[in-house]
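What follows is a short report on a single structure.
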Amino acid sequence: MSYQEKKGIVTLLSTVLIFVLYVWYAIQTYEGGSLFQESSLKFWGAFVLKLIIVSIIFNLIISILFSILHAVVSGEKAPLIIDELDRIIELKSTRISNYVFVFGFLAAMIALVLELPVAAMFMILLVSGFAAAMVGTVVQLYYYRRGV
């Protein structure tokens, strides 16, 4: 298994773990009754901002730890040069990931047009962002395994 495949699997697992744990933590600490009330907008705004910050920080830490652990266990350093194949795979997976997020964004806007609670829009955006990250990583794994 190549370094990129191992890194993709670690990214996939860490994304799921961070998202699930943060959502669980945030819902446990919410004290405002229903999440679908208009008064919960402050909660949802803070929730999204904190999730972005937490995800960036923990993904960075996990990526550094993975590189160190991989170097210690396998004796290989992380590849410093990104070749043309890596760039093509990254571009293709980013494109598909963006399609997933745009589809989710459109679904969130449709939810607003249908006069669903604003919290539903936030939930759709969160799920589409999570799904986009997952799909992007899975597509990368697929292309590294199968080839472009």
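Among Leu41, Tyr143, Leu51, whose Cα projects farthest towards the positive end of the dipole of the chain, with charges put on the beta-carbon of Lys, Arg (+1) and Asp, Glu (-1)?
The residue sitting farthest along the positive end of the dipole is Tyr143.
So for each of 55-66, 137-148 I average, over its residues, the number of other beta carbons within 10 Å; can you give me the resulting order with the highest mean first?
137-148, 55-66
Under a Cβ-only charge scheme (Lys and Arg +1, Asp and Glu -1), can you give me the dipole magnitude of the chain about the Cα centre, in debye to the nearest 20?
Here the chain has a charge dipole of around 240 debye.
Taking the alpha carbon gyration tensor of the chain, what are the square roots of 5 times its eigenvalues, largest first, to the nearest whole Å?
34, 20, 10
Of Phe105, Thr11, Ile81, which is farthest along the charge dipole of the range 3-146 in the positive direction, counting Lys and Arg as +1 and Asp and Glu as -1 at C-beta?
Ile81
Which lysines, on any chain, are close to Lys92 with Cα under 29 Å apart, when same-chain ones fewer than 8 places away are left out?
Lys6, Lys7, Lys50, Lys77
With a cut-off of 8 Å between alpha carbons and a minimum separation of six or more residues, what is the relative contact order of the range 3-146 in percent?
It comes to 37 percent, rounded to a whole number.
Laboratory data are not the source of any read-out in this text; all were calculated from the coordinates shown. Please read all numbers here as calculations on a predicted model, not as lab measurements. FYI the Cβ positions are ideal-geometry reconstructions off the backbone, even for glycines, and counts take in every protein chain you see.
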